[in-house]
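The values are calculated or read from the model by the stated rules, or taken from the named source; none is laboratory data. Worth saying up front: this structure is predicted, and the values here are computed from it rather than measured. Protein only, heavy atoms only, side chains kept; ligands, DNA and RNA dropped before computing areas. Shrake-Rupley method; radii C 1.70, N 1.55, O 1.52, S 1.80 Å.
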Amino acid sequence: MRTLGPFRRVASRAGFTLVELLVVIAIIALLVSLVIVTVRRATNSAERVDSLNVLRRIGTSFSAYSTDHRGRFIPGYLEPDVQTELDIGAKLADGTVVAPQAAASWVWRLAPYADNDWILFFRDNLEASEETSLRSLETNGDLLTLSLRPRFGMNSIFVGGNSEGPAVTDPPWTPNAAATRLSEVKQPAQLILFGGTVAAQGGQLAADGSGWHELRAPFLDVEQWSVASTGEVVPAAGLDAGVPHARSDGRTAPIVHLDGHTEGAKI
């Protein structure tokens, strides 16, 4: 009988065991999750930078308006009769005069100082399809609607002022709470000028995600907005104004201060 001797050929093993296969799948899943997190962070960071850059440009336009008007701040919301009294008008990019009844929002007065780039005021969280739609709007009526729905709101109750709005009469606030010139502001670096907003009506955020021309503080007469445990901005019942835009990068809203610096503020 023949023996194989001290050396014996061992048959090669093909494939993986179940344990090895599970380990490989776990490693792949871990790598995929890391890639998803990295991409999400990069996207959030890009959105944040874009919003802050837009706000910086809006702040620069605000300063240019002030320079051209002997240091006065741009008014927020003005009734037609007030526009006439102050001799403040608005024009379309082609020079067409806008009726005072239509030019109530600060957007009309600031647009010429932003090269009439209306898309700028909607840049925050703007989808490509929305930008195409916005660029196709040319009529006064369409722009009238848009001027009340920018994605960035002005803190006009305390900067520039409005000709109408919620009464600010409880101490320490007065009807003259709004600063109209830089010399009236003691700490420009702490005074919010513009911030990303969403619209709210009847205590609910607008379903279409549209913005509002005014950014209102939560501590005027009653608390007007708060942050839920999920990080969502929750407007109080009956609110009809702008509330800070809940950002995907946490409990922050993009803002620009009166001194020109931008940041993502906690809300």
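The table below gives the values:
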{"read-out": "Net lengthening on full extension, Ile88/Asp142 (0.36 nm per residue, minus Cα-Cα)", "value": "17.3 nm"}
{"read-out": "Of all accessible heavy-atom area on the stretch 49-127, the percent that carbon and sulfur account for (1.4 Å)", "value": "48"}
